[in-house]
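Asker: Questions regarding the structure given below will be posed in turn.
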Amino acid sequence: MTQIDWKNLPFAYLPTDCNVQCNYKNGAWGDIRVSESEYITIHMASTCLHYGQEVFEGLKAYTGADGKIRLFRWEENSKRMSNSAKGVLMPEVPRELFREAVYQAVLRNKRFIPPYGTGATLYIRPLLIGLGPEVGVKAAREYLFMVFVTPVGPYFKTGFAPVDMMITYKYDRAAPLGTGSYKVGGNYAASLLSLKEAHETGFSTTLFLDAKHKKYIDEAGPANFFGIKNQTYITPDSKSILPSITNMSLMQLAEDMGLKVERRPVPVDELSTFEEVGACGTAAVITPIRKIVDPEHNRIFEYGSDNQPGPISTRLYQHLTAIQTGDSADKHGWISFVE
Ligand code: PLP
Ligand code: COI
């Protein structure tokens with residue numbers, strides 16, 4: 001294996017030794033198997049290809065200073081995958097199967113887990129797809145669950161440094177009673193055009209609004225949104241956003257730090273009142289936001305000074321990442337040791 005430059009890893013795919021797979025057939029899950037191939041052969045009429053019957057997850061493995069490999073709240077990813085699966089009529093992956101597949105994928109690719117202190121982590125991608133052959137719009141009868149891993153650096157190139165975002169009025173990511181709260185591929189396909197436009201105009205990503213009123217903040221393309229003011233952590237309550245495990249954890253940590261926590265609709269107009277704003281997620285961790293452009297009303301909201309993350313975002317970031325790597329005590333029981 002060529003030497004990996006852990007400190008400069010992008011958030012991109014890097015091949016590893018193997019992945020873990022399991023098929024669902026005749027109403028039951030089969031045995032876990034390990035594959036050394038990066039390719040899968042599936043029927044061309046598979047429902048995942050035509051009708052988007054596909055759900056996925058994202059979590060990370062961290063190396064601690066003690067050399068132990070930690071997972072952060074994998075049970076929540078398992079629960080969310082079940083919820084997503086039910087939302088698009090797929091069988092749930094049993095918790096024990098999810099755990100076994102994730103653990104095996106990590107352990108069998110141990111040499112790709114970034115060392116402590118590099119800032120890089122092992123990204124774990126569980127995937128569940130509907131297999132064919134079907135032509136009518138209906139749920140598949142067979143499914144494939146697989147887990148691959150890949151070592152990654154920060155999702156946004158800047159890492160823990162502020163980025164600029166653009167509110168989009170032209171596109172919606174998800175409808176109020178649609179699939180926004182499920183982690184299905186279609187939501188991400190729906191975000192690509194706006195993401196392209198955001199990139200072309202110099203922004204890191206798009207901030208989506210609620211599709212019905214175009215008045216409240218929903219979330220960023222790959223992450224939830226939060227704002228901080230008056231010692232309060234405020235994050236949108238919306239049926240069309242992904243329930244972020246990072247955000248759920250930050251709400252707890254904010255409370256632990258003595259902040260008030262509010263989960264409620266956040267009007268765009270309120271952006272002018274925040275002291276700090278940021279995006280949060282497994283890939284994004286905490287990404288502070290420096291500037292939000294509102295093209296519809298010709299306004300720009302700016303945060304912080306000297307291009308530095310705000311003090312509360314910084315404390316939250318340090319607190320969260322210290323728990324993930326084992327530098328801080330795991331008071332809430334969020335960590336599992338892979339070995
Ligand atoms: N929102 C969207 C659309 C996402 O894709 C993600 C990433 O998983 C998140 C939010 C953050 O969720 P989590 O913190 O569970 O990774
Ligand atoms: C994650 O944070 O795990 C995600 O799934 C975001 C992603 C779309 C890269």
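Asker: If I filter the range 37-45 for residues that are within 16 Å of GLN104 (Cα to Cα) and touching a helix residue (DSSP H, G or I) at 6+ places or on another chain (Cβ under 9 Å), do I get at least one hit?
Answerer: Scanning the range 37-45, I find no residue that is within 16 Å of GLN104 (Cα to Cα) and touching a helix residue (DSSP H, G or I) at 6+ places or on another chain (Cβ under 9 Å), so the answer is no.
Asker: Looking only at the range 234-257, which residues are within 15 Å of ligand 1 (Cβ to nearest atom), in contact with a strand residue (DSSP E or B) (Cβ under 8 Å, 6 or more places away or on another chain) and farther than 20 Å from TRP334 by Cα?
Answerer: Passing the criteria: THR235, PRO236, ASP237, SER238, SER240, ILE241.
Asker: Kindly indicate whether any position in the range 53-71 is surrounded by 18 or more Cβ atoms within 10 Å (Cβ to Cβ) and of a type in the set (Lys, Arg).
Answerer: Yes, the range 53-71 has at least one match.
Asker: ALA283 is checked against (1) within 16 Å of ligand 1 (Cβ to nearest atom); (2) more than 22 Å from THR118 (Cβ to Cβ) and fails just one. What number does that condition carry?
Answerer: Going through the list (1) within 16 Å of ligand 1 (Cβ to nearest atom); (2) more than 22 Å from THR118 (Cβ to Cβ), ALA283 breaks only (2).
Asker: Now for a different question. So, TYR13, is that one among the hydroxyl-bearing types (Ser, Thr, Tyr) and under 23 Å from the mean Cα position of the chain (by Cα) or not?
Answerer: yes
Asker: Here's another thing I want to ask about it. For the range 137-146, check the following and say yes or no: at least one residue is more than 19 Å from the chain's Cα centre (by Cα), of a type in the set (Lys, Arg) and not in a strand (DSSP E or B).
Answerer: Looking through the range 137-146, at least one residue is more than 19 Å from the chain's Cα centre (by Cα), of a type in the set (Lys, Arg) and not in a strand (DSSP E or B).
Asker: Take the conditions modelled with pLDDT of 95 or more, of a type in the set (A, V, I, L, M, F, W, C), surrounded by 22 or more Cβ atoms within 10 Å (Cβ to Cβ) and within 21 Å of the chain's Cα centre (by Cα) and apply them to LEU320. Does it pass?
Answerer: Considered against the rule, which asks whether it is modelled with pLDDT of 95 or more, of a type in the set (A, V, I, L, M, F, W, C), surrounded by 22 or more Cβ atoms within 10 Å (Cβ to Cβ) and within 21 Å of the chain's Cα centre (by Cα), LEU320 comes out as no.
Asker: May I pose another question? Here is a list of conditions, (1) within 16 Å of ligand 1 (Cβ to nearest atom); (2) among the aliphatic types (A, V, I, L, M); (3) not assigned by TED's automatic domain parsing to the domain that holds ILE69, and VAL147 meets all of them except one; can you say which number that is?
Answerer: Result: VAL147 passes all but (3).
Asker: Given TYR123, TYR155, which one is buried (at least 20 other Cβ atoms within 10 Å of the Cβ), modelled with pLDDT under 95 and within 14 Å of ligand 1 (Cβ to nearest atom)?
Answerer: TYR155
Asker: Listed residues GLY310, GLY281, GLY333, GLY326; which is of a type in the set (Gly, Ala, Ser) and free of Cβ contacts under 8 Å to residues at least 12 places away in the same chain?
Answerer: Result: GLY333 is the single residue among GLY310, GLY281, GLY333, GLY326 that is of a type in the set (Gly, Ala, Ser) and free of Cβ contacts under 8 Å to residues at least 12 places away in the same chain.
The values are calculated or read from the model by the stated rules, or taken from the named source; none is laboratory data. Bear in mind that the values here come from a model prediction, so they are computed numbers and not experimental data. Positions of Cβ are generated from backbone atoms using ideal geometry, with glycine treated the same way; all protein chains shown enter the neighbour counts.
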